Amino acid sequence: MSEEIREEKHFCVFGIGEREFLIPKESVIQILDITKIFPIPGSPDYIVGALPVRGKIVPAIDLAKVYNIERINYSENKLLVLDVEGEKIGILSDITPFFVSFDKDIVVDDYLDPKKLYEKLKIKQPSSSKTNEILS
Amino acid sequence: MIDQTELIKYFLLESEEYINTLIEGLEDLENKGFSQETLESIYRAIHTLKGSASIVKFNKIATLAHKLEDLFDSIINNEIQQDISIINIARRVVNSIITLINEVSTYNEEKSELDSNLVNLIDEIVEKKVILQIEEAQDTYVSLPMTNAVRVELSVIDSLFDILSEIIVQKNVINDREKELKYLVEEILKSGKKLFSEIVSFSDRYWLSPLSDKTKVIDTFFTDFSDLEFDRYDEYHIFTRKIAEITNDINESLNELISFSEHLSANFKTLGREINTLKDNLLSIRMLPIGRLLNKISEAIKDTANNLGKQINFEIKGGDIKIDKPVLDLLYEPIIHILRNAIDHGIETPEQRLAIGKPEKGNIKLNVKKEGKYVVISITDDGKGIDIEKVKEIAINKNLLSQEQILYMNNEEILSYIFVPGFSTSEDVDFQSGRGMGLNIVKTAIAKLKGTIEVFSEIRKQTTFTIKIPQSLSITNLLIFKSSELEFAVPINYIEEILIIDDFPEVKSERLINHKNRFIPVKIFSELYFSSNGKQSEKGYIIIFNFSGIRKALLVDNILGQEEAAIYPLGKFLEGLTQYIGYVLSGQGTPRLVIDPLKIFEEEFIFTISKPLTLESVPYTGTVLIVDDSISVRKSLQTLLETKNIRVYTAKNGAEALSILEDKNVDIVITDLEMPVMHGYELINKLRKDIRFKDLTIIVLTSRGTRKHQEKAIDLGADGFLIKPFDEKTITELLRNFPILKNQIY
């Protein structure tokens, strides 16, 4: 996950369990207090549910399930809403996210590329093509 | 054939645009020279104008447009010289067309005679490829009729819809709040009345009681009087009286509050009605009469009939009924498909018809009706009809149905199999019998419109296809239901009936109900979506779906009601969750996932295709032993596997499992790890050491999903891993990996 950063200078830091992650500041739209999350039955376990935000729903992702991170407590639960190519996704954070700046060429550990993350966690269409053909 | 006035209106709107394009194009030719681009845009405008005019049968306009089209065709192909006098001729034609359009606008018909000189002139030019006559310049155009209309992109209306949807959400919020307000007011009023009566009765009682010795008046109002001048009151007297007065004031205010809240409710109601009217009006903006589509269709099918040597009367009723533009566009293909089938496979040749005493010409009737918010289109032909025996034969040959199943089905249900994928393909179907190719394509197209299609047929007499679609796609009628404390919605278009579970006490164990002499398979929603372990609420409703005659039922915990709402898509991130069509928001802003009823029963549909579900004594496709100390796990897994025709044995622990394995033939063992008496590791170890069970497939079922546990189990000899809680999909997928059951499951 360690990656060379070229363009981005400002990051948003959020935490899961003992770990901290960085995400480019530009992709963060808002940080929400989590009031109630509505589960989406049938979704993978890293999608804890959906949060209604201004009449639209935002899926809430728990990266603890993705990176196998152990949780000690859930004290501060915030939802970091990201914009990935016009689509909103939310990431749970155990700490209140904050912003930091780095020099251009520094190599940052635990940097997350929102686009790659999105592609990785996106729910794929069921692979059985037969099924789709019949009832699409 | 159908009501023309509506169509003329559209023709006038369209023609205005084409004429303007024409005029602008001609100006450009004159001022900027003959560019290919301008010539083509003129050509396109004339061509479309010709088409629209002939649909509404304005033959003079069509003829003039046709001539102009010929002329420009020659110019584009460089057959005649690009000369300024051509523009003048074209202007003359345009003026004649405008004159005719003006007449149409006023009288709904073309009054003036066709300018035959003009027509002949163009014919001559096109034929001889020379401009013989120098046409005098015409500078002015006849003005077009005022149409008083603007053209708006669909997307503009759609954005209005988005706003309206938000308004409707807010309206629902207000409605809920209003109910709360009413409740509060009632509560306050109740308490107020109680307080008042308490105080009054208390003060009455106290008034009459003898004064105590310590009579003392502290109110300054009373101290100004001497004792003799005034009745003597003690502090309580005054207090109670004051309280009574205040309470009375409060009560009066409460009465005002009540009438205020009643007025407010009335205002909200009016607001709600206005919003509904707004919605309906906005919807109707996008609506076009279906006749516009049918005219196009009627031309196309006359060609089909001619090509096939059949003679038909095509009759349309209800062409003035309006449908949402996007729906209209998507209806063309399915309707033409059905009509072509009717001509090709339904209507007999004229000779055949005469021989069996039918009129020479076949009749095809297309009837459009409005039923509430739905449009019902029925297409009837008086041809051969569909031979139900042939349908049975094909369904059996193609393994869609078994002999036994057919015994339990009525004709209507059997007939509906013509829509099942795989029933017919263009290559191999016998056209004489089971009618039609690719009817499942038609069904799919209709399903996309959230509509339904049904078929009815009488052999040798007639066939009727009935399509029912919502008038508009934007706002859907939904049934809201609750399961495991979550709210869901399902479009009501497939719902036929809702039953109460009390009338079918055996439904949970039998997964089948006998309703109106039909056996309908039942799925339990909470099991499908939550893999719930039998902890279901006492309440329960059975929703019966009708998919073109094939009925399926779904058991849900509670039904909350019906609502109209705009369905939002889940978005690209979640689009893989195909079991949902999208979501709607409740008045409180709670998201409700909209389930796709077709997806719930999808597996069964596929099942039906590869291997029919029969009612009795099917050979099992495999045997599974479930070892788990939790009864709910055993039970839910058992039911799940049994629906897949798998024989299931269960054991509470490893020791029990071993004794079952001693005398039963088992293909797969699914075992928990932590169990009393003998745990899973020990069981796996014992089995793997026994030569008889060397090749037995062992799957570990556990809530411990860590790699460490997995590795230990695999080391001991487990073949697969299943993590609790499980759902049907993971199990099916897992089992597919094991060849012993592989082919049978899918």
Query raised in the report: So what J values fall out for the range B:557-567 if you push phi through Karplus, 6.51 cos²θ - 1.76 cosθ + 1.60 with θ = phi - 60°, rounded to Hz, Gly and Pro as x?
Result: 5, 8, 10, 9, x, 10, 8, 9, 7, 8, 8
Report summary line: Fewest to most Cβ atoms within 10 Å: B:480, B:406 sort as B:406, B:480
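Just check chain B against the gyration tensor rule for me: Cα atoms, a ≥ b ≥ c as the square roots of the eigenvalues, rounded for a/c under 1.5, and otherwise prolate or oblate depending on whether a/b exceeds b/c. Could you put the intermediate results ahead of the total?
On the way: a/c = 2.56, a/b = 1.22, b/c = 2.09.
Oblate.
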Report task. Over the whole of B:326-339, what's the average partner chain Cβ count within 10 Å per residue? Rounded to a whole number, please. Result -> 0
Query raised in the report: Which whole-Hz couplings ³J(HN,Hα) result when phi for each residue of the range B:357-368 is put into the Karplus expression 6.51 cos²θ - 1.76 cosθ + 1.60, θ = phi - 60°, listed in order with x for Gly and Pro?
Result: x, 9, x, 4, 8, x, 10, 10, 10, 10, 10, 10
Report task. Treat each spin label as a single point 7 Å out from the Cα along the C-beta direction, and report the residue B:235 to residue A:69 distance in nm. Result -> 6.6
Query raised in the report: Which whole number gives the average count of other chain Cβ atoms within 10 Å of the Cβ atoms across peptide B:567-575?
Result: 6
Report summary line: Of B:367-379, B:43-55, B:150-162, ordering from highest average Cβ density within 10 Å down gives B:43-55, B:367-379, B:150-162
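Give the relative contact order (percent, whole number) for chain B; include only Cα pairs under 8 Å separated by 6+ residues.
7
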Query - Residues A:93, B:191, B:203 arranged by fewest to most Cβ contacts within 10 Å - result: B:191, B:203, A:93
Query raised in the report: Sorting B:287, B:409 on the 10 Å Cβ count, fewest up front, what's the list?
Result: B:287, B:409
Requested in this report: Summarise the partner chain shielding of A:81-88 as one whole number: the mean count of Cβ atoms from other chains within 10 Å of each residue's Cβ.
Outcome: 1
Query raised in the report: Straight-line reach from residue B:296: which aspartates and glutamates have Cα under 13 Å away, leaving out those fewer than 8 places along the same chain?
Result: B:329, B:333
Query raised in the report: In whole percent, what relative contact order does the range B:619-745 give with Cα contacts below 8 Å and a gap of six or more residues?
Result: 22
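No lab work stands behind these numbers, since they all come straight from the coordinates. This one's a predicted model, so the numbers in the text were calculated from it and none came from an experiment. Methodologically, a virtual Cβ is constructed for each residue, glycine included, from the backbone with ideal geometry; neighbour enumeration extends over all protein chains shown.
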